[in-house]
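In what follows, a structure is listed as structure tokens, so that the remarks can point back to it.
The values are calculated or read from the model by the stated rules, or taken from the named source; none is laboratory data. Everything numeric in this text was worked out from a predicted model, so none of it was measured. Glycine also receives a Cβ, built like all others from the backbone with ideal geometry; neighbour counts cover every protein chain displayed. When the accessible area is computed, the model is the full protein with side chains, heavy atoms only, and any ligands, DNA or RNA have been set aside. Shrake-Rupley method; radii C 1.70, N 1.55, O 1.52, S 1.80 Å.
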Amino acid sequence: MNPWTRLVAGAPTRKTRLHDELGNRVSLDRLLRNGPHAIVSSALRLAFDRRPVAPWISYDARAIIERFLSSDRSVLEFGSGMSTVWYAQHAGSVVSIEDYAPWRRVVAALVAPFPHVDYRFAKGQGAYIAQAPDRLYDLIMIDGSWRLDCASFAIAHLRDGGMIYLDNSDKAFGPDTGDIPAASALLRGFARDKGLAVREFTDFAPTQLFVQHGLMIGGA
């Protein structure tokens, strides 16, 4: 990647840092509202390795999820991190699944004070979904590996009135994240068949100096 592309776009898959990988440009109000937060959080991470205790997803999507969650609601999270601590602070029960052992050890120490967090390690694709308890959830967050598999599980295990969020839904197929375009199409089809709301977010996320796309299905 040449220096100009690195500066303007951050990656060859985006037109500019203000476009997601689908070519959508961030709205002016989101740029003004959330851009400064992204800049500050990025500076703090680079300078002091300070990581925000929050899901590293669209700021606007996070605000909706925060209003949605309560002490009587459950979360299933594919892919763990600082978000796991945040969900523990905002929901009554959390199941989080991680497949990268070194990172799991870091996060396990962070969530140890929360007895209502069921933190599970899955080794390999087959175990990843098998580790998810077979019950219904209010919020299913897809932000880890094999996202098409996660989406298939999610549409079969969403409680009535619940919400599914697919992060980085602008990404192409990847060896680690799987077929994200197919996951997005599956979730959109599910929403259409069930008459659920579909919300899209071209937005900044904590510590990221570029916008990305998120897809939210269901919820109020």
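Restricting Ser145, Ser184 to residues that are hydroxyl-bearing (Ser, Thr, Tyr) and without any contact (Cβ under 8 Å) to a residue 60 or more places away in the chain narrows the list to Ser184.
Listed conditions (1) among the polar types (S, T, N, Q); (2) over 26 Å from His19 (Cα atoms); (3) within 18 Å of the chain's Cα centre (by Cα) are all met by Ser71, apart from (3). All of Ala127, Ala108, Ala132 fail the test of being crowded, with 17+ Cβ neighbours inside 10 Å and of a type outside the set (Asp, Glu), apart from Ala132.
Which of the residues spanning segment 33-72 are surrounded by fewer than 20 Cβ atoms within 10 Å (Cβ to Cβ) and basic (Lys, Arg)? Within segment 33-72, Arg33, Arg45, Arg50, Arg51, Arg67 meet the criteria. Go through (1) in a strand (DSSP E or B); (2) open to solvent by 10 Å² or more (accessible area, probe 1.4 Å); (3) touching a residue at least 60 places away in the same chain (Cβ under 8 Å) for Ile140 and report which single condition fails. All conditions are met except number (2).
Taking segment 208-220 only, how many residues are open to solvent by 10 Å² or more (accessible area, probe 1.4 Å) and either over 14 Å from the mean Cα position of the chain (by Cα) or closer than 17 Å to Glu77 by Cβ (or both)? Even if it seems obvious, please write down each step before you answer.
Going through segment 208-220, the residues open to solvent by 10 Å² or more (accessible area, probe 1.4 Å) turn out to be 208-210, 212, 219-220.
Subset that is either over 14 Å from the mean Cα position of the chain (by Cα) or closer than 17 Å to Glu77 by Cβ (or both): 209-210, 219-220.
Residues in segment 208-220 being open to solvent by 10 Å² or more (accessible area, probe 1.4 Å) and either over 14 Å from the mean Cα position of the chain (by Cα) or closer than 17 Å to Glu77 by Cβ (or both): 4 in total.
Inside segment 145-172, can you point out the residues that are of a type in the set (Ser, Thr, Tyr) and either touching a His at 6+ places or on another chain (Cβ under 8 Å) or assigned to a loop (DSSP other than H, G, I, E, B) (or both)? If you could, list the steps in order and put the result at the bottom.
Initially, segment 145-172 is screened for residues of a type in the set (Ser, Thr, Tyr), giving 145, 152, 165, 169.
Once the filter is applied, which keeps residues that are of a type in the set (Ser, Thr, Tyr) and either touching a His at 6+ places or on another chain (Cβ under 8 Å) or assigned to a loop (DSSP other than H, G, I, E, B) (or both), segment 145-172 yields Ser145, Ser169.
Arg51 passes every criterion in (1) more than 16 Å from Gln212 (Cα to Cα); (2) at pLDDT 95 or above; (3) among the charged types (D, E, K, R) apart from (2). Determine if segment 156-172 includes at least one residue that is without any contact (Cβ under 8 Å) to a residue 40 or more places away in the chain, among the polar types (S, T, N, Q) and open to solvent by 20 Å² or more (accessible area, probe 1.4 Å). Within segment 156-172, not a single residue is without any contact (Cβ under 8 Å) to a residue 40 or more places away in the chain, among the polar types (S, T, N, Q) and open to solvent by 20 Å² or more (accessible area, probe 1.4 Å). When you check Asp118 against the structure, is it of a type outside the set (A, V, I, L, M), open to solvent by 10 Å² or more (accessible area, probe 1.4 Å), in contact (Cβ under 8 Å) with a residue 40 or more places away in the chain and over 21 Å from Met216 (Cβ atoms), yes or no? No: the conditions fail for Asp118.
State yes or no: is Leu22 under 25 Å from Ile180 (Cβ atoms), of a type in the set (A, V, I, L, M) and open to solvent by 80 Å² or more (accessible area, probe 1.4 Å)? Yes. From the list Leu148, Leu158, the one residue that fits, being under 20 Å from Ile65 (Cα atoms) and aliphatic (A, V, I, L, M), is Leu158. Considered as a group, the residues in segment 173-194 that are closer than 18 Å to Gln208 by Cβ and not in a strand (DSSP E or B) include one that is least open to solvent (accessible area, probe 1.4 Å), and that residue is Ile180.
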